[in-house]
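These notes are about the structure you will find just below.
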Amino acid sequence: MAAILPTIQSPQDVRQLSSADVRTLAKELREEIVRVVSKNGGHLASNLGVVELTLALHLAFDFSQDRLIWDVGHQTYVHKLITGRYRQFASLRKFGGLSGFPKPEESNYDHFVAGHSSTSISVALGMAAARDLAEEKHQVVAVIGDGALTAGMAWEALNHVGDLGTNLIVVLNDNEMSIARNVGALSSYLARARTAPSYLRTKADIEALLQRIPVVGGRVAEISERLKDSLKYLLVSGMLFEELGFTYLGPVDGHNLAALQEMFAVAKTTPGPVLVHCQTVKGKGYRPAASNPDRFHGIGAFNPATGEPLAKPTVPTYTEVFSNTLLAIAKENERIVAITAAMPDGTGLTPFSKSYPERFFDVGIAEQHAVTMAAGMAASGLRPVFAVYSTFLQRAYDQIIHDVCLPNLPVVLAVDRGGLVGDDGETHQGVFDMAMLRQMPNMTIMLPRNSQELVNLLVAACEQPGPVAVRYPRGASDGGELLPAQPVIIGRAQCLRRGQEILLVNCGTIWDVTEQVQQQLVAAGLNPTVYDLRFLKPLDPAVVAAMGEHRLTVVIEEGIVAGGCGSALLEAATAAAVKHEAMLFGIPDRFIPHGSRSELLAALGLTGESISARILAKLGMKY
């Protein structure tokens, strides 16, 4: 029998299939996702869990007219495969290929970009409000995972939807997971709802029965309506969503196509906000992912037959260096506590959680809460360390300023994935943190250039009296032998090479590029001075003074140039009346697409060869 998936050019083709063929298509979709992700890496378990759900949505709605808004977006591979992108799917997350997230530039079926959690209901409500103002009739559907409901933004949106009462369908994809196992009271609530009888159906059946009783039926039904709260709480423990103004449908088996289609048909004809509660299994259909969904949430290339990674690291990652160092610090200092926002594995805090469970806190996908909770801990004498990806730290901008920096509290922000993270693209590149944090009074910003420096600076950070951010990248470290932490003077840069004419200033773990520039300038007959900035804030006055002692200052950073390290040095030099001429190399004022770090650095001109050539051209020398 010929494969079905290659024949699918649009959801219209799916609607032409028999029920049996749709089930076959579901199997082929899982096989194709495993095949491509095993080569390219990507988000596997979450996508395998929504195969039937995605098919049912496209069977029930016409998203060439209706609107489908995904939350986070790392469960859209099936959606991409059946909306005309099958032949491009092998390029998933590759430089110049398909994005791993929804991207309107790719398809008219992608209605909004999404890479961060808990945004879909807000976006969908905005689109529904625009539809209503235009007096249009299309449906708007928001898909959100149960993990994303731990974020306050989702509840702000749910509250507003219920208040407006507009027609909007929210699909709750309940797999009991975000990335790690879900935590909190909401997770417990949903667990109760999963095991409860269907309140809505039972209530409707009782009302229909009463209406058929001659003469008195209508009156009895009216009385029963007054007792609906009693019935509701008898059948389902706390109908939270109905209290918010939604009609609640479910739970429904998220892998049963017929049941899903029936439920979506009811949702389409129900006036006002509707929440469809779907139960799915993360990783379904691929045993390694189903049995270990945490590891297969986001994964590199692996052997599809076994699920084992193809490339096993020979040196520790920066995240592992952070993890091991924090464990050592916590052993000596019982005031150290660790916080994660639903990412204990990704941030390296799982070992801490096992060694010090009473000092470990997973707050769910709630970065704002995590920062302010850390502030409360710090105000009470603890030393909290919040380990978080750079891109997700952006979500807590106000809390860092107002709740941590203003009262000058000793909170350590362990900023993982600082710089270009590669395959996840625009929504995940960690390039804004330095410019964001350096605006904040009382903040100390540490930029280790290698793994030993990460050890040194993290130990120093945990001893500081005020807020500190320690920034380090994704991936393998330099692999150097790690010694006990060396003393650190706050605000002191390191002079790695004394020279003249050219001042090279390295900012953090882009040292691999800075070192190449140094070597190529020496090969061209120049004798550069090289400083490792080490601290973006406070800046070392010696570096500022050195700018006036050299013909040209070159600053190299893996963050946005606007407001970054180079900007800070130029501002300081101007304020100190230090004459200077400078070239700033970093991320330009645009969003950076997906691709490997090396590909992106090359495309941005941030390689040793490219930077050296531009420096020599500036000096009137041939490369």
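Nothing in this text is a laboratory measurement; each read-out follows from the coordinates by a stated rule. Quantities reported herein were computed from a predicted structural model and do not represent experimental measurements. We place every Cβ from the backbone using ideal geometry, glycine too, and count neighbours over all the protein chains shown.
By the Cβ distance rule (another cysteine Cβ under 4.7 Å), the unpaired cysteines of the chain are C278, C405, C462, C495. Pull out a ≥ b ≥ c, the square roots of the eigenvalues of the alpha-carbon gyration tensor of the range 501-547, then state rounded if a/c is under 1.5, prolate if not and a/b is larger than b/c, and oblate in the remaining case. Oblate is the answer for the range 501-547, as a/c is 1.5 or above yet b/c matches or exceeds a/b. If the segment from A90 to E599 were pulled out straight at 0.36 nm per residue, it would be longer than the present Cα-Cα gap by 181.4 nm. Count Lys and Arg as plus one, Asp and Glu as minus one, and take only other residues whose Cβ is under 13 Å from that of S477; the net charge is then -4. When a/c is below 1.5 the answer is rounded, else prolate if a/b is larger than b/c, else oblate, so apply that to the chain with a ≥ b ≥ c taken from the square roots of the Cα gyration tensor eigenvalues. Because a/c hits 1.5 or more and a/b exceeds b/c, the chain counts as prolate. Rounded to the nearest 0.05, the FRET efficiency derived from the C-beta distance between S380 and D13 at R0 = 56 Å is 0.40. When the square roots of the Cα gyration tensor eigenvalues are ordered a ≥ b ≥ c, the ratio a/c for the range 465-558 is 1.5 or more and a/b does not exceed b/c, which makes its shape oblate.
For helix 318-332, report the angle its Cα long axis makes with the longest principal axis of the Cα atoms of the chain; keep it between 0 and 90° and round to the nearest 10°. Relative to the chain, helix 318-332 is tipped by roughly 90 degrees.
Listed by chain and number, the lysines placed with their C-alpha closer than 28 angstrom to that of K618 are K579; residues fewer than eight positions away on the same chain are left out. Each DSSP beta bridge with both residues in the chain is either parallel or antiparallel, and the antiparallel ones are about 15%.
Extending 7 Å from the Cα toward the beta-carbon at both L619 and W155 defines two label points whose distance is 5.9 nm. Sorting 145-156, 48-59, 476-487 by their mean Cβ neighbour count within 10 Å, with the most densely packed peptide first, gives 48-59, 145-156, 476-487. Place +1 on the Cβ of every Lys and Arg and -1 on the Cβ of every Asp and Glu in the range 383-538, take the dipole about the Cα centre, and give the residue among P384, L458, V488 whose Cα lies farthest towards its positive end. The listed residue farthest towards the positive side: V488. For the cross-link pairs K80/K282; K137/K268; K103/K137; K27/K282, the ones whose C-alpha atoms lie over 20 Å apart are K103/K137.
Considering only beta bridges that DSSP places wholly inside the range 359-482, some 10 percent are antiparallel.
Here the residues S353, S390, S612, S99, ranked from fewest to most Cβ neighbours within 10 Å of their Cβ, fall in the order S353, S612, S99, S390.
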